[in-house]
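Data first, discussion second: the structure below is written as structure tokens.
The values are calculated or read from the model by the stated rules, or taken from the named source; none is laboratory data. For clarity, every value in this text was computed on a predicted model and none was experimentally measured. Virtual Cβ from ideal backbone geometry, glycine too; neighbours counted across all protein chains shown. Remember, those area values only see protein heavy atoms, side chains included, never the ligands or the DNA or RNA. Shrake-Rupley method; radii C 1.70, N 1.55, O 1.52, S 1.80 Å.
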Amino acid sequence: MKGTQNSGDFSKGKIWKHIAALAVPMTVAQLVQVVYNIVDRIYIGHLPGASSLALTGLGLTFPVITLIAAFTNLFGMGGAPLCSIARGRHESGRAEKIIGSTFTMLCITSVFLMAVSYLFLKPILYLFGASDETFPYAQQYLQIYLIGTPFVMLGTGMNGFINSQGFARTGMMTILLGAVVNIVLDPIFIFGFGMGVAGAATATVLSQLLSALWVLRFLTGPKTELRIKKGYLRPEPKLVKEITGLGLAGCIMSATNGAVQIACNATLGNYGGDLYVGIMTVLNSVRDVVMLPIQGLTGAFQPVLGYNYGAKEYGRVKQGIAFTTVACVVYTTLAWLLIFLFPEPFIKVFNSDPELIAQGVPAMHIYFFGFFMMAFQFAAQSTFVGMGQSKQAVFFSLFRKIIIVVPLTLLLPRLGLGVKGVFVAEPISNFLGGMASFGTMLVVVRKLIREGKSLENQ
């Protein structure tokens, strides 16, 4: 096998070391990815003369961007775990068919999403809470950003197949390349060329293009174990069904995030105006930054878990779940305390408007209350996906966001809480969703291990 960074067999050695070895570069990649995503918000949030309105306009584009991410996850997060399980079973042909089918479906879906988004751009943005003052900023950004839809879907969706083979540093470079280019080009286009919001979108599209080219070059080159092959590009219906069945969890997680953003923006616009939509944009940005080590850790956990589950190393499966859960809980508890004690510096990164800061601090205290419960949700979701349990993964993606957050976001403000009710919905969902998903995960894992052992003894 070529490539010195590939650890190969995840069933040998201490499982926590495999997770940590993947998690470090993947966390760096997540950090870079978050910087990649929020650098536009940082620059736009400090535009002279219209920073708050421009930032709010950018926030209105999140549901569209989230929808693109949802379909990326449908295929990318469905294909990569299946590829890991196939590797664990030494089924290289099946693994490469999964890669080929995923690539083709990402290409087809990206063109479709781009066309539909352009066709209904104006009504979509007003539905998401745009006002006459913020619509022009949102429109300028999306009209250019949508050009890069195929690039972002291929770069992000196919990068999971690099990580699933143990090439975590190469996967990190995918994100690093795009992020560095975006960070360098943003001030040039935004301020140097005077393009403002349109400049931010242009820089993003160019950086996405470079990331996509990097991924495709690696997955068709000599260094990887499993490749994109011409003979496997025609999707097999049965295989696509498996990929989307497992990827539906990640898709729904992103899609429901979009639904929550729509509900929050619309409700905040009605009860608090553009200022509170801007505050929610900042809070979402802070959450993106704080969550990145968890996403890196659980992202590293999934291929290791899938490999060991496919290899029937059930003791190592239990060890991996325990390590990941404890690490997630410890980190999110520390992050919660830091945000509670020092909220203003987090907000000032994105905007220095005194009124936004004054109203944003109490909103942040409410929104992040009990943040550590998110760790249980993420640990359970990554376990379900890593072990190929699509039904449970899908259900709990829907449960937290659609069954809890969206109804509460719409209901609590009407019960006299006003804008505060929108922020209260998040911690309630963290507690209920975290407990329900983690408890169910423990029951499901015990059942799967028991069934696996009984088959081995027959």
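Quickly run through the range 109-123 and pick out the residues that are closer than 24 Å to Gly196 by Cβ, under 22 Å from the mean Cα position of the chain (by Cα) and open to solvent by 20 Å² or more (accessible area, probe 1.4 Å).
Met114
When you go through (1) buried (at least 24 other Cβ atoms within 10 Å of the Cβ); (2) within 18 Å of the chain's Cα centre (by Cα); (3) at pLDDT 80 or above; (4) not hydroxyl-bearing (Ser, Thr, Tyr) one by one for Cys83, which number turns out not to apply?
So the condition that Cys83 fails would be (2).
Among (1) part of a loop (DSSP other than H, G, I, E, B); (2) open to solvent by 10 Å² or more (accessible area, probe 1.4 Å); (3) more than 21 Å from Val260 (Cα to Cα), there is one condition Asn351 misses while meeting the rest; what is its number?
Result: Asn351 passes all but (2).
I'm trying to understand the selection: among the residues of the range 354-382, which are touching a Pro at 6+ places or on another chain (Cβ under 6 Å) and in a helix (DSSP H, G or I)? Explain how you work it out, then say what you get.
The first filter runs over the range 354-382 and keeps only residues touching a Pro at 6+ places or on another chain (Cβ under 6 Å), leaving 361, 364, 369-370.
Scanning the range 354-382 gives Val361, Met364.
Return yes or no: is Ile144 surrounded by fewer than 21 Cβ atoms within 10 Å (Cβ to Cβ) and either among the polar types (S, T, N, Q) or at pLDDT 85 or above (or both)? Don't jump to the end; show me each part of the working.
Details: surrounded by fewer than 21 Cβ atoms within 10 Å (Cβ to Cβ): yes; either among the polar types (S, T, N, Q) or at pLDDT 85 or above (or both): yes.
Yes: the conditions hold for Ile144.
Within the range 383-396, identify whether any single residue is out of contact with any Leu (no Cβ under 9 Å at 6 or more places or on another chain), outside any helix (DSSP H, G or I) and either farther than 30 Å from Phe10 by Cβ or open to solvent by 10 Å² or more (accessible area, probe 1.4 Å) (or both), and answer yes or no.
no
Has the range 293-314 got at least one residue that is at pLDDT 85 or above and under 28 Å from Tyr43 (Cβ atoms)?
So far as the range 293-314 goes, yes, one or more of its residues are at pLDDT 85 or above and under 28 Å from Tyr43 (Cβ atoms).
May I ask you to list pairs of residues, at least six apart or on different chains, whose Cβ atoms are under 9 Å apart, with the first in the range 269-294 being under 24 Å from Phe135 (Cα atoms) and the second being charged (D, E, K, R) and buried (at least 23 other Cβ atoms within 10 Å of the Cβ)?
Taking only residues 6 or more apart or on different chains, the pairs are Thr281/Arg41; Val282/Arg41; Leu283/Glu426; Ser285/Arg41.
Select from the range 404-435 the residues that are without any contact (Cβ under 8 Å) to a residue 60 or more places away in the chain and either aliphatic (A, V, I, L, M) or part of a loop (DSSP other than H, G, I, E, B) (or both) and list them in ascending order.
Those that are without any contact (Cβ under 8 Å) to a residue 60 or more places away in the chain and either aliphatic (A, V, I, L, M) or part of a loop (DSSP other than H, G, I, E, B) (or both): Ile404, Leu408, Leu411, Leu412, Leu415, Gly416, Leu417, Val424, Ala425, Ile428, Leu432.
Where residues in the range 271-283 are at pLDDT 85 or above and part of a helix (DSSP H, G or I), which of them is surrounded by the most Cβ atoms within 10 Å (Cβ to Cβ)? Can you show your working first?
Filtering the range 271-283 for residues at pLDDT 85 or above gives 271-272, 275-276, 279-280, 282-283.
Now narrow it down to the ones that are part of a helix (DSSP H, G or I): 271, 275-276, 279-280, 282-283.
Values: Tyr271: 16, Leu275: 18, Tyr276: 25, Ile279: 33, Met280: 27, Val282: 25, Leu283: 23.
Ranking the qualifying residues of the range 271-283, first place goes to Ile279.
For the condition buried (at least 18 other Cβ atoms within 10 Å of the Cβ), over 27 Å from Ile183 (Cβ atoms) and under 15 Å from the mean Cα position of the chain (by Cα), what is the one hit in Val286, Val290, Val304, Val260?
Details: Val286 fails: over 27 Å from Ile183 (Cβ atoms); Val290 fails: over 27 Å from Ile183 (Cβ atoms); Val304 fails: under 15 Å from the mean Cα position of the chain (by Cα).
Selected residue: Val260, the only one of Val286, Val290, Val304, Val260 that is buried (at least 18 other Cβ atoms within 10 Å of the Cβ), over 27 Å from Ile183 (Cβ atoms) and under 15 Å from the mean Cα position of the chain (by Cα).
Could you tell me whether the range 90-99 includes any residue that is surrounded by fewer than 24 Cβ atoms within 10 Å (Cβ to Cβ), on the phi < 0 side of the Ramachandran plot and not in a helix (DSSP H, G or I)?
yes
Suppose the filter is over 20 Å from Val304 (Cα atoms) and not aliphatic (A, V, I, L, M); does Phe350 pass it? Full working, then the answer.
Numbers: over 20 Å from Val304 (Cα atoms): yes; not aliphatic (A, V, I, L, M): yes.
Judged against the criteria, Phe350 is a match.
Hey, could you check the range 24-33 for residues that are surrounded by fewer than 24 Cβ atoms within 10 Å (Cβ to Cβ) and hydrophobic (A, V, I, L, M, F, W, C) and say which is modelled with the lowest pLDDT?
So, considering only residues that are surrounded by fewer than 24 Cβ atoms within 10 Å (Cβ to Cβ) and hydrophobic (A, V, I, L, M, F, W, C), the one modelled with the lowest pLDDT is Val32.
Looking at the range 313-328, is at least one residue of a type outside the set (Ser, Thr, Tyr), at positive phi, open to solvent by 10 Å² or more (accessible area, probe 1.4 Å) and touching a Gly at 6+ places or on another chain (Cβ under 9 Å)? Step through it out loud before you land on a result.
Here is the first cut: in the range 313-328, the ones of a type outside the set (Ser, Thr, Tyr) are 313, 315-323, 326-328.
Applying the additional criterion that residues be at positive phi yields none.
Checked against the condition, which is being of a type outside the set (Ser, Thr, Tyr), at positive phi, open to solvent by 10 Å² or more (accessible area, probe 1.4 Å) and touching a Gly at 6+ places or on another chain (Cβ under 9 Å), the range 313-328 yields no hits at all.
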